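Written out below as structure tokens is the structure these notes cover.
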Amino acid sequence: MKAVICRSPGDLVVEDRPAPSTPPPGWALVAVSHVGICGTDYHIFEGKHPFLAYPRIMGHEVSGTVIEAGEGVDLAVGEPVIINPYLACGKCIACRQGKPNCCVGIEVLGVHRDGAMCERILVPAQNLYPANGLSLADAAAVEFLAIGAHAVRRSLADPGARALVIGAGPIGLGTALFARIAGLDVTLLDMSAERLGFAASELGFATLDASRQSATDLVREATNGEGFDAVFDATGNTQSVQSAFAHVAHGGMLVLVSVVKDDIVFSDPEFHKREMTLIGSRNALRADFDHVAASIRDGAVPLAKLVTHRTTLGDTPRDLARWAHAKSGLIKAVIQVG
Ligand SMILES: [Zn+2]
Ligand SMILES: [Zn+2]
């Protein structure tokens, strides 16, 4: 089969690889249909991913159809599926508590093991969700939106609460969209006038442009000095996360959607006097995938506006390398495989 291999940072090629064969019990063989390209993939390509072993087949935002089901698997051949790329051990403390998204031994397809930028892939059946009623192109967008949907669900924020989403990239936009679906009153903050322009004109969000004025002043003006009830940071930027504590209202919460590799420093008196809740949010659960799929089916997610770029498996080495640097106008790019 054809596979896009990242042999080492900056070196992306299409190669012939042996296709995986008969699925073991509990697994299924899937013909890959569409694969979304993620910030993680650009990081792997650029050598910025901290623990990545090369060579690697990337790709974790995936839809496909079942070719063959292993013993004990209740999926029909030809069934369209969404792949949940987080392979969990099923035994650890998190798995025992129904939180495979933060499994101690988690393996993510396309990161810790080979992913889906190829024609066929073996996946545990428990990681395959029927894509009922979705096109296979739309089904490949469920995973990145589920990250934001999970963060919103983690927040437990009540409808009507004022939410600030920091970072207007794909994850931030997904968080903002699902915060709005949850009934929150959403504002987006970013340093990019282009991204904010898109969020305002295409998606109808209130925006704050922190490239022109300090974020602290903007937040104060936007909230009568009170701060936001729920703040979501989706920047992956240490400075942004540290500043975000100050944007939270008394009694409010800060949800860390992205991850930074540094220590985070904050003022404990400021944290304490707010009785602030600090929440981590990692990956997503089946409930989030289901919620996103249902929302797309209901027409609540403007996917046609979010998927701005398309390519094929054969053109991925050229296009992914280009898009890693030329992000203007790019929200989400999708590879059509099948
Ligand atoms: Zn992703
Ligand atoms: Zn586990």
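Any residue that is in a loop (DSSP other than H, G, I, E, B) and over 21 Å from Cys102 (Cβ atoms) - is there at least one of those in the stretch 43-51?
yes
Is it the case, given these coordinates, that His291 is surrounded by fewer than 13 Cβ atoms within 10 Å (Cβ to Cβ) and not in a loop (DSSP other than H, G, I, E, B)?
When the stated conditions are applied, His291 does not pass them.
For Gln126, only one of the following conditions fails: (1) open to solvent by 20 Å² or more (accessible area, probe 1.4 Å); (2) more than 27 Å from Ser8 (Cα to Cα); (3) under 18 Å from the mean Cα position of the chain (by Cα). What is its number?
All conditions are met except number (3).
Of all residues in the stretch 143-161, which are open to solvent by 10 Å² or more (accessible area, probe 1.4 Å), assigned to a helix (DSSP H, G or I) and closer than 20 Å to Thr223 by Cβ?
Result: Val152, single match.
For a quick check of your reading of the model, give me the residue pairs whose first member lies in the stretch 81-102 and is in the same structural domain as Ser63 (by TED's automatic domain parsing) and open to solvent by 20 Å² or more (accessible area, probe 1.4 Å), whose second is of a type in the set (D, E, K, R) and part of a loop (DSSP other than H, G, I, E, B), with beta-carbon atoms closer than 7 Å and at least 6 apart or on different chains.
Here the result reads Cys102/Arg282, each pair linking the stretch 81-102 to a residue that is of a type in the set (D, E, K, R) and part of a loop (DSSP other than H, G, I, E, B).
Is one or more of the residues making up the stretch 64-82 within 16 Å of ligand 2 (Cβ to nearest atom), modelled with pLDDT of 95 or more and in a loop (DSSP other than H, G, I, E, B)?
No: the stretch 64-82 contains no residue that is within 16 Å of ligand 2 (Cβ to nearest atom), modelled with pLDDT of 95 or more and in a loop (DSSP other than H, G, I, E, B).
Please enumerate the residues belonging to the stretch 112-123 that are open to solvent by 20 Å² or more (accessible area, probe 1.4 Å) and either among the aromatic types (Phe, Trp, Tyr) or in contact with a helix residue (DSSP H, G or I) (Cβ under 7 Å, 6 or more places away or on another chain) (or both). Explain how you work it out, then say what you get.
First pass over the stretch 112-123, keeping only residues open to solvent by 20 Å² or more (accessible area, probe 1.4 Å): 112-114, 119-120, 122.
Within the stretch 112-123, none qualify.
If I filter the stretch 215-235 down to residues being part of a helix (DSSP H, G or I) and among the β-branched types (Val, Ile, Thr), which single residue comes out as surrounded by the most Cβ atoms within 10 Å (Cβ to Cβ)?
In the first step, residues of the stretch 215-235 are kept if they are part of a helix (DSSP H, G or I); the result is 215-222.
Subsequent filtering for residues that are among the β-branched types (Val, Ile, Thr) retains 216, 219.
Details: Thr216: 13, Val219: 26.
For the stretch 215-235, the residue satisfying everything is Val219.
Any chance you could count how many residues in the stretch 65-123 are on the phi > 0 side of the Ramachandran plot and touching a strand residue (DSSP E or B) at 6+ places or on another chain (Cβ under 8 Å)? Break it down stepwise before answering.
Step one: of the stretch 65-123, the residues on the phi > 0 side of the Ramachandran plot are 72, 78, 90, 98, 110.
Filter once more, so that each one left must be touching a strand residue (DSSP E or B) at 6+ places or on another chain (Cβ under 8 Å): 78, 110.
Selection size over the stretch 65-123: 2.
Identify the single condition in (1) crowded, with 24+ Cβ neighbours inside 10 Å; (2) within 14 Å of ligand 1 (Cβ to nearest atom); (3) not aromatic (Phe, Trp, Tyr) that Ile171 does not satisfy, given that it satisfies every other one.
Looking at each condition in turn, Ile171 falls short on (1).
Any residue at all in the stretch 236-254 that's assigned to a loop (DSSP other than H, G, I, E, B) and either open to solvent by 30 Å² or more (accessible area, probe 1.4 Å) or on the phi > 0 side of the Ramachandran plot (or both)?
Yes, some residue in the stretch 236-254 is assigned to a loop (DSSP other than H, G, I, E, B) and either open to solvent by 30 Å² or more (accessible area, probe 1.4 Å) or on the phi > 0 side of the Ramachandran plot (or both).
Suppose we keep only residues that are more than 16 Å from ligand 1 (Cβ to nearest atom) and small (Gly, Ala, Ser) within the stretch 16-41. Which one would you say is nearest to the chain's Cα centre (by Cα)?
Once the filter is applied, the top-ranked residue is Ser33.
So Pro25 passes all but one of these: (1) surrounded by fewer than 19 Cβ atoms within 10 Å (Cβ to Cβ); (2) away from ligand 2 (no atom under 16 Å from the Cβ); (3) under 24 Å from Ala287 (Cβ atoms). Which condition number does it fail?
(3)
The values are calculated or read from the model by the stated rules, or taken from the named source; none is laboratory data. Treat the numbers as computed from the prediction; the structure is a model and nothing was measured. All Cβ positions, glycine included, derive from the backbone under ideal geometry; neighbour counts span all protein chains shown. Surface areas here come from the heavy atoms of the whole protein model, side chains and all, with no ligands, DNA or RNA. Shrake-Rupley method; radii C 1.70, N 1.55, O 1.52, S 1.80 Å.
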